[in-house]
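Student: Below are the structure tokens for one structure; questions will follow.
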Amino acid sequence: MTTDAIAGARNLLVDCAQVKPGDRLLIAFEPPSFGYYEADALECLVAAAREIGTEVATLDVGFEPEAPELTDELLDAVRAADVIVFLARLGDQLRFSEMPPGKTFVVSFALSGGMFASPFGRADYGFFVKLKKLIDARLAASDSVRITCARGTDVVG
């Protein structure tokens, strides 16, 4: 686990999730045995959270592609937390589920410490929010949008 990886995890926690010292953080994770997230991704988030001064809890939520479920155990853990970071595909599967109000939810697609350490993982989150707003405004003001790429994509709408 490198200092860059911890910096990337801190970027996600502080700049994106708005975690502050004293917050109760739940990291709902998918174990590496499912072949998607690597063990060091969880290690980076836990290390960064402890550096920030949060109260960290982790919960193994596994992976069930055909029947994603907000279990009673997960719901209780969510209720006890201020901020919930999903280091699990379950977070994406549950994004349209009703969750307890007043919580901050983040789904991380950084699958490894290396992804947290990357320039993208350490990039200024606020910049990406501003960029997204500019793109959204440009798309909303357009009569037509065309998306192309060198590999053959050519979509018009």
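Student: Hey, could you check the stretch 100-131 for residues that are of a type in the set (Phe, Trp, Tyr) and closer than 24 Å to Arg24 by Cα and say which is modelled with the lowest pLDDT?
Tutor: Ranking the candidates gives Tyr125 first.
Student: A further question on this structure: Would you say Ser118 is open to solvent by 30 Å² or more (accessible area, probe 1.4 Å), hydroxyl-bearing (Ser, Thr, Tyr) and closer than 15 Å to Ala41 by Cα?
Tutor: Yes; evaluated as a whole, the condition is true for this residue.
Student: Determine, yes or no, whether Ser112 is loosely packed, with under 15 Cβ neighbours inside 10 Å and among the polar types (S, T, N, Q).
Tutor: Criteria not met by Ser112.
Student: On to the next question. Which ones in the stretch 125-157 are within 19 Å of Val85 (Cβ to Cβ) and either in contact with a strand residue (DSSP E or B) (Cβ under 7 Å, 6 or more places away or on another chain) or open to solvent by 60 Å² or more (accessible area, probe 1.4 Å) (or both)?
Tutor: We begin by selecting, within the stretch 125-157, every residue within 19 Å of Val85 (Cβ to Cβ); these are 125-126, 128-129.
Tyr125, Phe128, listed by residue number.
Student: Would you kindly identify the strands (runs of 3 or more DSSP E) lying entirely within the stretch 1-105 that contain at least 1 residues that are aliphatic (A, V, I, L, M) and open to solvent by 40 Å² or more (accessible area, probe 1.4 Å)?
Tutor: 55-60
The values are calculated or read from the model by the stated rules, or taken from the named source; none is laboratory data. Computed from a predicted model, the values in this text were never measured in an experiment. Positions of Cβ are backbone-derived with ideal geometry, glycine not excepted, and every protein chain shown enters the neighbour counts. Keep in mind that these areas ignore ligands, DNA and RNA; they rest on the heavy atoms of the full protein, side chains included. Shrake-Rupley method; radii C 1.70, N 1.55, O 1.52, S 1.80 Å.
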